[in-house]
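Contents: one structure, followed by commentary.
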Amino acid sequence: MFKKGCFFVGLLLCITHFSCSYLPETFEPVDSFSITETQKYIEVDNGQKATTGIIFYPGGLVDAHAYLPLFSNTLMANLSVKSVLVKMPLNLAVFDANEAQYVIETYPEIERWFIAGHSLGGAMACTAVNNSPSLFNGMILMAAYPANSVDLSNWAGNVLSVRGSNDLLTQQKDIDDTKKQLPANTQFTTINGGNHAGFGQYGVQSKDGENELSNPSQIDITVEKMINFIL
Amino acid sequence: MIRAILICMLFIFCMKVNSQSFDVGIMSFLNIVTNNKLYEVEKDGLTLNGGGLKFNFQQAYQQSTCNYNIGLELSFNDWGNQILSRLGANTLLNNQIGINIILLNGLALYVDNLAYVFGAEASVFYLIKIKNIDRVKLNLGLRFTQNTKYKTIGNFSFVDLPISICWLFGNRID
């Protein structure tokens, strides 16, 4: 009995060690946005009649709430855009890469859909596009690149790939090596001084480089690039 | 490091029980009520709010007697992954059906930032015999959990319907 107990609790300890996620920092909601939470996603609505939607997949072991500052940014207040941040099982997008399809079915009034993702979420966004390319008009990758099994080189949608220059988790080499898997017209852009964790608001990420910008500054720059790409 | 010490302490505490029965199970939670102080919550019937693994030690399953049990669960829900101790008592109503009440205390697992989670669970269980020994336990109940740190982030407490299936090790004593 004791040996069996030790085995199962040892197993539990191992799982526990690798299952810590990043706690989002407290976020002050912005007046011009209404935020609705369901069990599957967080909807950010700016009160405008939305014709464009952005579905966002969070990074690995990062709670979707950490990206609220990105999608309820005052720069997005007057756009006809609705954002939907998907909550992932175990905070790992690999477990639900096709959740975007459910979101799209939930909002039939949206005419154009973009899918975005940070880090692992970006890789899974590529997988979602690979599985259902006709559902999306474009894709935004933040410190992310497609998995080896994904080939979007012939996809008709537009792609924006953003990376912080001080990101030590998603290296420039990783982006360069996977360029051939993305459409030829993909826009690659770098945020000077930005790092990996700077796309969300969840503190310092292990093994990441230093953020020379403030966290809100990196978010503002990312939002500007995102808006220019979508519109 | 603190996390590892706390988990080891929970385990040692568990082993102090004079356990004659040990069970391992998988569970899933169907959400009924969600509390959120910051944002509007939209619900569409019963939705899956996570699941996990549980390990329980207990004295024995005895009819018409209060049997104490203690265990650990590693589970996930809307606020992420958590490890909880399960301190409870159960009694068999007849040969196969019983009721179980459990207090939950533990930690939501965040990098460098653990959060206290507490709750309670009440359930009805059904024991299934295999080769004349109780081997499988099916559970259906009601469960409340709250994460103290999530009040300023999002959904911070839930009432769920926990459903679980467990494999029992050790013999039942009648």
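Computed from the coordinates by the stated procedures, all read-outs in this text should not be read as laboratory data. On a predicted model such as this, the values are computed, not experimentally measured, just so you know. Glycine also receives a Cβ, built like all others from the backbone with ideal geometry; neighbour counts cover every protein chain displayed.
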query: In the neighborhood of B:Leu46, defined by Cβ-to-Cβ distances under 15 Å, what is the net charge if each Lys or Arg adds +1 and each Asp or Glu adds -1?
result: -1
Potential extension, B:Lys131-B:Lys37 segment - 0.36 nm per residue separation minus Cα distance: 28.7 nm
query: Which ³J(HN,Hα) values in Hz, rounded to whole numbers, follow from the phi angles of the range B:84-98 under the Karplus curve 6.51 cos²θ - 1.76 cosθ + 1.60, where θ = phi - 60° and Gly and Pro get x?
result: 10, 8, 10, 10, x, 9, 9, 8, 8, 7, 9, 4, 10, 9, x
field: Interchain or long-range residues, amide H under 5 Å from A:Leu168's placed H
entry: A:His196, A:Gly209
query: Tell me, what is the FRET efficiency for A:Phe95 and B:Thr65 to the nearest 0.05, using R0 = 41 angstrom and their Cβ-Cβ distance as r?
result: 0.45
- request: Estimate the FRET efficiency between B:Leu161 and A:Asp45 by the formula 1/(1 + (r/R0)^6), using the beta-carbon distance for r and 30 Å for R0, to the nearest 0.05.
  value: 0.50
- prompt: Okay, helix-only estimate at 222 nm for chain A: each DSSP H run of n ≥ 4 adds -39500 (n - 2.57), divide by all residues, round to 500 deg cm²/dmol; what do you get?
  reply: -8000 deg cm²/dmol
query: In bins 20 Å wide, starting from 0, what share of all Cα pairs of the protein assembly as shown does each bin hold, as a percent?
result: 27, 49, 22, 2
message: Give the average, rounded to an integer, of partner chain Cβ atoms located within 10 angstrom of each Cβ in A:14-26.
response: 6
- prompt: Can you give the FRET efficiency for B:Gln96 and A:Ala156, using 1/(1 + (r/R0)^6), R0 = 41 Å, r = Cβ-Cβ distance, to the nearest 0.05?
  reply: 0.10
- prompt: Which whole-number percentage describes the relative contact order of chain A, with Cα contacts under 8 Å and a sequence gap of 6 or more?
  reply: 17
statement: Under the Karplus relation with 6.51, -1.76 and 1.60 and θ = phi - 60°, whole-Hz ³J(HN,Hα) for the range A:172-183, x at Gly and Pro, equal 4, 4, 4, 5, 4, 5, 9, 4, 5, 8, 10, x
query: Considering only the other residues whose Cβ falls under 15 Å of the Cβ of B:Ser123, what net charge follows from Lys and Arg at +1 and Asp and Glu at -1?
result: 0
- prompt: Which whole number gives the average, over all residues in A:87-94, of C-beta atoms from other chains lying within 10 Å of the residue C-beta?
  reply: 3
- prompt: Taking the Cα-to-Cβ direction at B:Leu48 and at A:Ser80 and moving 7 Å from each Cα, how far apart do the two end points lie in nm?
  reply: 3.6
statement: Calc'd 3J(HN,Hα), the range A:187-199, phi into Karplus 6.51 cos²θ - 1.76 cosθ + 1.60 (θ = phi - 60°), Hz, glycine/Pro = x, comes to 8, 9, 9, 10, 9, 5, x, x, 10, 6, 6, x, 7
- request: Select from the range B:106-174 those trypsin sites (Lys or Arg not before Pro) which occupy a DSSP coil region and have at most 16 other Cβ atoms within 10 Å, ordered by residue number.
  value: B:Lys131
query: Check B:Phe169: other-chain or 5+ apart residues with amide H under 5 Å from its amide H, H built from backbone geometry?
result: B:Phe22, B:Asp23, B:Val24
task: Starting from the Cα gyration tensor of chain A, take the square roots of the eigenvalues, sort them a ≥ b ≥ c, and report rounded, prolate or oblate (rounded when a/c is under 1.5, otherwise prolate if a/b is larger than b/c, else oblate).
output: rounded
query: Which order, highest average first, do A:169-175, B:29-35, A:143-149, B:106-112 follow once you tally other Cβ atoms within 10 Å for each residue and take the mean per peptide?
result: B:106-112, A:143-149, B:29-35, A:169-175
task: Please report, in cubic angstrom per residue, the volume enclosed by the convex hull of the alpha-carbon atoms of the range A:71-142.
output: 95
query: Cα centroids of the range B:85-115 and the range A:48-120: how far apart, whole angstrom?
result: 35
